[in-house]
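The values are calculated or read from the model by the stated rules, or taken from the named source; none is laboratory data. The structure presented is a predicted model; accordingly, all values stated were derived computationally and were not measured. Note that each Cβ is placed from the backbone with ideal geometry, even for glycine, and that neighbours are counted across all protein chains shown.
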Amino acid sequence: MDIATIAGILAGFGVLVGTILTGQGALAFVDVPSMLVVFGGSIAATLVNFPMDQFLPTLKVAAKTFTHQKAVGVEIVQKFMELSQLARRDGILALDRALKEVEEPFMRSGLEMAVDGTEPETIRDIMETEVQSLLERHKIGQGIFTALGSYAPAFGMIGTLIGLVQMLQNLDDPSSIGPSMAIALITTFYGAVLGNLVYLPMAGKLKNKSTQEVTAKRMIIEGVLSIQKGVHPKNLERKLMNYMAPRDRRVEEEPVGEEEE
């Protein structure tokens, strides 16, 4: 569970609700038709922008913003150092027996190609193509929430215009102008909150998670090719550490069993 996403949304709404409750007439901020205009309108416009088969998985994509994703970590480095030592000691074909212990499908696929004797250029091309395909899929999810974040404030303004038109039709009753104006403006409020506290931040979180996942996969590509080339485990460690933030570079020292070359 990604506590930051939940804490951010709750804190944002908490500040808004707390501010509203300090004033008078808190119920004036509750208007169901205004909610429907903003929420329904933003979804409708997004459906026009994206095909149904891309929009339907939106809830599944949104769930990723609430799940914790490990940063590019030492587990990958440790696994590659272990496999590198095995390959240098017993030959790269010895990795075939160790592949069943590799849980990451992307890593296992790359190592299988290396064991099969596939050319390094071909391995890189195949794995980079998969990474690029992943990026394109991620961009769709980010684009949907970016679109929702753009349309929500716009429909807030549309709802306000509708409320103003209805208010102007009743100018003969001065006592209704204040309440009607409040209802007209509340739609803009809903649009601004939904777009800037929910939709756009979720798009940003998806982009950050995508960057982390792509970095991990590029680390794996370098690890696979380095093992195929017979790079010394310690040099492999140094290379893969460059993909990690300095604060995360903590790998337990393990005896390599041979002098560094």
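Could you list all residues from the range 13-43 that are more than 13 Å from TYR190 (Cα to Cα) and either in contact with a Phe, Trp or Tyr (Cβ under 8 Å, 6 or more places away or on another chain) or assigned to a helix (DSSP H, G or I) (or both)?
Once the filter is applied, which keeps residues that are more than 13 Å from TYR190 (Cα to Cα) and either in contact with a Phe, Trp or Tyr (Cβ under 8 Å, 6 or more places away or on another chain) or assigned to a helix (DSSP H, G or I) (or both), the range 13-43 yields GLY14, VAL15, GLY18, THR19, ILE20, LEU21, ALA26, LEU27, ILE43.
Name every residue in the range 131-174 that is part of a helix (DSSP H, G or I), of a type outside the set (A, V, I, L, M) and exposed (fewer than 15 other Cβ atoms within 10 Å of the Cβ), in order of residue number.
Of everything in the range 131-174, those that are part of a helix (DSSP H, G or I), of a type outside the set (A, V, I, L, M) and exposed (fewer than 15 other Cβ atoms within 10 Å of the Cβ) turn out to be GLN132, SER133, GLU136, ARG137, LYS139, GLN166, PRO174.
Which of the residues spanning the range 201-246 are surrounded by fewer than 15 Cβ atoms within 10 Å (Cβ to Cβ) and assigned to a loop (DSSP other than H, G, I, E, B)? GLY230, ASN242, ALA245, listed by residue number. Just one residue in the set PHE66, PHE29, PHE80 is in contact (Cβ under 8 Å) with a residue 40 or more places away in the chain and either in contact with a strand residue (DSSP E or B) (Cβ under 7 Å, 6 or more places away or on another chain) or under 27 Å from ILE221 (Cβ atoms) (or both); that residue is PHE80. Any residue at all in the range 9-20 that is surrounded by 15 or more Cβ atoms within 10 Å (Cβ to Cβ), small (Gly, Ala, Ser) and under 23 Å from LEU200 (Cα atoms)? Scanning the range 9-20 turns up at least one residue that is surrounded by 15 or more Cβ atoms within 10 Å (Cβ to Cβ), small (Gly, Ala, Ser) and under 23 Å from LEU200 (Cα atoms). If only one of ALA28, ALA63, ALA4 is in contact with a helix residue (DSSP H, G or I) (Cβ under 6 Å, 6 or more places away or on another chain), surrounded by fewer than 17 Cβ atoms within 10 Å (Cβ to Cβ), at pLDDT below 90 and not hydroxyl-bearing (Ser, Thr, Tyr), which one is it? Criteria check complete, one pass: ALA28.
Restricting GLN85, GLN54 to those that are polar (S, T, N, Q), part of a helix (DSSP H, G or I), out of contact with any Ser or Thr (no Cβ under 6 Å at 6 or more places or on another chain) and closer than 30 Å to LEU134 by Cα reduces the list to GLN54. Within the range 182-209, residues that are more than 23 Å from HIS138 (Cβ to Cβ) and at pLDDT below 95 reach partners that are polar (S, T, N, Q) and surrounded by fewer than 18 Cβ atoms within 10 Å (Cβ to Cβ) with beta carbons closer than 8 Å, at six or more positions or on different chains, in the pairs ALA184/GLN166. If you go through the range 107-119 and keep only what is surrounded by 14 or more Cβ atoms within 10 Å (Cβ to Cβ) and either among the small types (Gly, Ala, Ser) or in a helix (DSSP H, G or I) (or both), you end up with MET107, ARG108, SER109, GLY110, LEU111, GLU112, MET113, ALA114, VAL115.
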